[in-house]
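Okay, structure first, notes after.
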Amino acid sequence: AQQLMNNMNERCFKACVTKPGDSLSSSEQTCLTRCMDRYMEAFNIVSRTYVSRLA
Amino acid sequence: AQQLMNNMNERCFKACVTKPGDSLSSSEQTCLTRCMDRYMEAFNIVSRTYVSRLA
Amino acid sequence: AQQLMNNMNERCFKACVTKPGDSLSSSEQTCLTRCMDRYMEAFNIVSRTYVSRLA
Amino acid sequence: QTQAKIHSSVHNFTTMCWDKCITSTPSTRFSRSEESCLVSCVDRFLDTSIFLVKQIQERRGSQ
Amino acid sequence: QTQAKIHSSVHNFTTMCWDKCITSTPSTRFSRSEESCLVSCVDRFLDTSIFLVKQIQERRGSQ
Amino acid sequence: QTQAKIHSSVHNFTTMCWDKCITSTPSTRFSRSEESCLVSCVDRFLDTSIFLVKQIQERRGSQ
């Protein structure tokens, strides 16, 4: 879970906080919440696809 | 050899399969074969150049 | 210190030697000297900011 | 293949395929093309590994 | 947090924030915007980590 | 320098110089400029390391 969090933090920070300002703006926070959901979904899609190939 | 394969796979996939489709197209396969040859050639050039500097 | 040198070498080579030639040109050397100073400054800024958050 | 190696591959594939397929700002859901890109990215990467290993073996055989 | 982990984080943040904030050829000094970007990059990255952890905890709580 | 460290450096240089020098789709052979870029990339990277170490030593000496 640590690895997932680290990679997600990095990707979502890169995608959502393009110009770091004085605080996380509300639009950045909205983006981060969506990015978190999408990243976990991507992880599940990748996991499912990979495991189905190993079977 | 494992490290060489992993790096080559990653670089050649990136260079040749820009939009992953339903299967590897024949043009993607041609690109992969060339990329493999070039990557090994690059590895040899780098290796030779580096070793000549150590001598 | 080794880690700092490795990361600095990589970043400054990327920033200053965009088209590697027959030797390091004087403008590349000037760029590298500046890049070294800026990289160390960046390291200090990041270090200070991070430590102040941990306190 | 051990459990740990599979896990580490899934993490690698997720970051690699995220970088390849998700180029716009994250939205409330994946577009159809983003989702199919993620699936194909994993499948074609595995195909690429197999393809390259076969190429190497063929050459060794023909030497 | 151990000393070694802090050190490794500082190295990671330096490379990540350098890549995000320093886009022009290195000069005799940082511009004001480069310097403030480096500071904000570290602060907002830490905010992002805290924000995402909280989001996950809230969801777990509401399940 | 041990054998293992040299090996690991060759892998690092190959990926770094590949990314710097090979920007078009791989062809049946390297262009002359790609090949000379690969050689110069390794040589100038080693020069850069030596140059930066010297700069640091000079400053320490003059303090």
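The values are calculated or read from the model by the stated rules, or taken from the named source; none is laboratory data. Note that the structure is a prediction, hence the values are computed from the model and not measured. Glycine also receives a Cβ, built like all others from the backbone with ideal geometry; neighbour counts cover every protein chain displayed. For accessibility, only protein heavy atoms count, side chains too; no ligands or nucleic acids. Shrake-Rupley method; radii C 1.70, N 1.55, O 1.52, S 1.80 Å.
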In region B:34-51, anything polar (S, T, N, Q) and either open to solvent by less than 10 Å² (accessible area, probe 1.4 Å) or at the interface with chain F (Cβ under 9 Å from one of its Cβ atoms) (or both) is listed as B:Ser47, B:Thr49
Hey, any hits in region D:16-38 for a residue that's facing chain B (nearest Cβ under 8 Å) and free of Cβ contacts under 8 Å to residues at least 12 places away in the same chain?
-> no
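For region B:43-50, check the following and say yes or no: at least one residue is out of contact with any Asp or Glu (no Cβ under 8 Å at 6 or more places or on another chain) and hydrophobic (A, V, I, L, M, F, W, C).
Among the residues of region B:43-50, at least one is out of contact with any Asp or Glu (no Cβ under 8 Å at 6 or more places or on another chain) and hydrophobic (A, V, I, L, M, F, W, C), which makes the answer yes.
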Residue by residue through region E:46-59, note down the ones that are facing another protein chain (nearest Cβ under 7 Å) and open to solvent by 20 Å² or more (accessible area, probe 1.4 Å).
-> E:Leu46, E:Asp47, E:Ser49, E:Phe51, E:Gln55
Using the structure shown, decide if C:Arg11 is at the interface with another protein chain (Cβ under 7 Å from one of its Cβ atoms) and open to solvent by 70 Å² or more (accessible area, probe 1.4 Å).
-> no
When E:Gly61 is run through (1) farther than 22 Å from C:Leu32 by Cα; (2) in contact with a helix residue (DSSP H, G or I) (Cβ under 8 Å, 6 or more places away or on another chain), the failure sits at (2)
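Just the residues that are part of a helix (DSSP H, G or I) and either at pLDDT below 95 or polar (S, T, N, Q) (or both), please, taken from region A:6-47.
Once the filter is applied, which keeps residues that are part of a helix (DSSP H, G or I) and either at pLDDT below 95 or polar (S, T, N, Q) (or both), region A:6-47 yields A:Asn6, A:Asn7, A:Asn9, A:Ser26, A:Ser27, A:Gln29, A:Thr30, A:Thr33, A:Asn44, A:Ser47.
Being open to solvent by 60 Å² or more (accessible area, probe 1.4 Å), part of a helix (DSSP H, G or I) and among the hydroxyl-bearing types (Ser, Thr, Tyr) is true for just one of F:Ser33, F:Ser9. Which residue is that?
That would be F:Ser33, the only listed residue that is open to solvent by 60 Å² or more (accessible area, probe 1.4 Å), part of a helix (DSSP H, G or I) and among the hydroxyl-bearing types (Ser, Thr, Tyr).
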Subset tally (residues that are loosely packed, with under 13 Cβ neighbours inside 10 Å and not hydroxyl-bearing (Ser, Thr, Tyr)) for region E:12-30 = 1
Scanning region A:14-33 residue by residue, the ones that are open to solvent by 20 Å² or more (accessible area, probe 1.4 Å) and of a type in the set (A, V, I, L, M, F, W, C) total 2
